[in-house]
């Protein structure tokens, strides 16, 4: 198996970070689409591991949370019957928290748009913060129910 040099991997990542699509990145760098996808998966895993180790006791003051909708395979209404109800087919939501001052993203979570997912997301966010924060959301009910489920004392919600 051929190994890409550090310079080639960096060039592929630069293309992706600048918003170039996977197919275009593959063509420009003369590598297979699978090579680009594998590199993206490996780098994503390392970034996630780093975030889990380093993002604790953050002194953020203002956090903004929101969800980003996307779909995998097909939009929810077009998912074939054999895949209905399986995660990874249909609607997928990326829950994000961003520090309003530093633009740091201390927590994110990919799941559905339910109270259970909100609870997991908020619990992870809370575990990374050192002090009380002003938390701003779009008012999605799952956030409030997620807070109620956790009985958090060091987060305060703001609508």
Enumeration of residues in the stretch 67-82 that are assigned to a strand (DSSP E or B) and surrounded by 13 or more Cβ atoms within 10 Å (Cβ to Cβ): 67, 71, 72
Some residue of the stretch 29-40 being assigned to a loop (DSSP other than H, G, I, E, B), in contact (Cβ under 8 Å) with a residue 12 or more places away in the chain and surrounded by 11 or more Cβ atoms within 10 Å (Cβ to Cβ): yes
Tally, over the stretch 89-127, of residues that are touching a residue at least 60 places away in the same chain (Cβ under 8 Å) and in contact with a helix residue (DSSP H, G or I) (Cβ under 9 Å, 6 or more places away or on another chain): 0
Residue match in the stretch 4-25 (condition: surrounded by 14 or more Cβ atoms within 10 Å (Cβ to Cβ), within 16 Å of the chain's Cα centre (by Cα) and free of Cβ contacts under 8 Å to residues at least 60 places away in the same chain): no
Only listed residue being within 28 Å of residue 144 (Cα to Cα), surrounded by 15 or more Cβ atoms within 10 Å (Cβ to Cβ) and over 17 Å from the mean Cα position of the chain (by Cα), chosen from 107, 60: 60
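Rule-based calculations on the coordinates, nothing more; no lab input. Every value quoted in this text rests on a predicted model; they were computed, and no experiment measured them. We place every Cβ from the backbone using ideal geometry, glycine too, and count neighbours over all the protein chains shown.
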